[in-house]
Amino acid sequence: MIIRKISHVLCEYRNIMPLFAGACALLFLAGILLLPIPYAEHQLYPKYIDRNSTLDPYDRGGPPFVQVTIGSQYPENSPSAGLVTTYLTPFSLFLSKTTLHLGTTIVAHPGGILDEILYNTRGLDTVVEPTILFIAFAIASYLYRKG
Amino acid sequence: MSDPIGGVPYYILEFGDELVYFTPYTITLFLLALTFTVLVIISRPERQMDIAFGGDAYGTKEISLTELQFRRFMAIACGLASMGAMVTGDIFNFTLFTAMVGITNVGIVAAVKSHHVQDAAFQYGLVALCATVPLFGGAAVYAASTGSLSMIELMKGTLPAVPLIAKALLVIGVVGEGMAPFYAAKAEMFRAPGAPYVIMCSLSSLLIFLRVVEVVMLG
């Protein structure tokens, strides 16, 4: 009987969204109650932030075309890791020399910083992320053209 | 490697920091996704018949070629994302593929010219949107608490234990993306004509749910 009542609520698909959001909220609340979550000191991808750099959160350090040490799980699989850390287009280079806040505009100007460090060490992430974006664009443009 | 959940990997493809591994469990799921994707590519879609009760009137629903092409494209993308999610050996990549499955599921039915189906797809899209927060949040807690994202490393048991909340976040994220137990909304979506493409929604969510069971048992 109770199952019938539950499935009666669930069969109306407009109820699913509030129900799922409620479940997420409960889980987040449980997450807050379970704090502190232990933090592993030995991180695979360590990050050092230099507040004085013009590329602030994205500054990977190292002179251009000289290999720098980059943390990776399997260094033997990516011998070229660290050779290219970031790549700036001429426009981005101009911005980085004139303003201190290029790091905050990573997605706000065309051809910003391509995160080559991720591309060289982790690889597939950078391919799947734009794929999701392009799929979303494809759906949106199809619906728009269909009218 | 101590007591791997899905069996001893037959083959590990080294791909930078993201290993792709084929255990008996993941290779079964991968082959299922591959077979169905091939079926989607080669099959001709069904055309729904409407029959009026109490009379002899019936008709076939007309589906335009562009609509079918778009839906086939989305179904193939969904199959590729499912295959990726089945064999990847990286927590973050798994969440990315799962998010892609969610958005392609919406895309498969978004092309249908039925108000009811589109309404259901929109609601489902909202759930998939909402689910990305716990999904990627779970992956972030995995990275913070173990220091690594590699499933092979988590299998070894040398890393710190994964907190229960990270696993719970990951599971609820996959549930939202694949709508695993909430098939009510999907049943509405299944009213869309075009059999092999629509079934891809169901199969992909089943596969990612089966895979996440293995993922949460690793660490």
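The values are calculated or read from the model by the stated rules, or taken from the named source; none is laboratory data. All values reported here derive from a predicted model rather than from experimental measurement. Using ideal geometry, Cβ is built from the backbone for each residue, glycine included, and neighbour counts are taken over all protein chains shown.
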| How many residues are more than 14 Å from residue B:198 (Cα to Cα) and either at pLDDT 85 or above or surrounded by 24 or more Cβ atoms within 10 Å (Cβ to Cβ) (or both) when one looks only at the stretch B:93-120? | 8
| task | For the stretch B:119-130, name all the residues that are more than 7 Å from chain A (Cβ to nearest Cβ) and either among the hydrophobic types (A, V, I, L, M, F, W, C) or out of contact with any helix residue (DSSP H, G or I) (no Cβ under 7 Å at 6 or more places or on another chain) (or both). | result | B:119, B:121, B:122, B:128, B:129
| task | Give the residue that is nearest to the other protein chains (Cβ to nearest Cβ), with candidates limited to residues of the stretch B:59-83 that are surrounded by fewer than 23 Cβ atoms within 10 Å (Cβ to Cβ) and more than 30 Å from residue B:49 (Cα to Cα). | result | B:80
| task | Could you look through the stretch B:50-84, keep only residues that are among the aromatic types (Phe, Trp, Tyr) and assigned to a helix (DSSP H, G or I), and pick out the one that is farthest from residue B:201 (Cα to Cα)? | result | B:70
| message | Go through (1) in a helix (DSSP H, G or I); (2) at the interface with chain A (Cβ under 7 Å from one of its Cβ atoms) for residue B:105 and report which single condition fails. | response | (2)
| the stretch B:130-142, residues that are under 16 Å from residue B:217 (Cα atoms) and among the aliphatic types (A, V, I, L, M) | B:139, B:141
| task | Might you check whether a residue that is surrounded by fewer than 20 Cβ atoms within 10 Å (Cβ to Cβ), more than 10 Å from chain A (Cβ to nearest Cβ) and not acidic (Asp, Glu) occurs anywhere in the stretch B:166-176? | result | yes
| From the set of residues in the stretch A:63-96 that are surrounded by 18 or more Cβ atoms within 10 Å (Cβ to Cβ) and closer than 15 Å to residue B:14 by Cα, which is modelled with the highest pLDDT? | A:73
| remark: With criteria (1) surrounded by fewer than 23 Cβ atoms within 10 Å (Cβ to Cβ); (2) closer than 20 Å to residue B:140 by Cα, residue B:125 comes up short on (2)
| remark: Note: among A:108, A:25, just one is assigned by TED's automatic domain parsing to the domain that holds residue A:10, surrounded by fewer than 12 Cβ atoms within 10 Å (Cβ to Cβ) and either at pLDDT below 75 or not acidic (Asp, Glu) (or both), namely A:25
| message | Against the definition (modelled with pLDDT of 85 or more and on the phi < 0 side of the Ramachandran plot), how does residue B:167 come out, yes or no? | response | yes
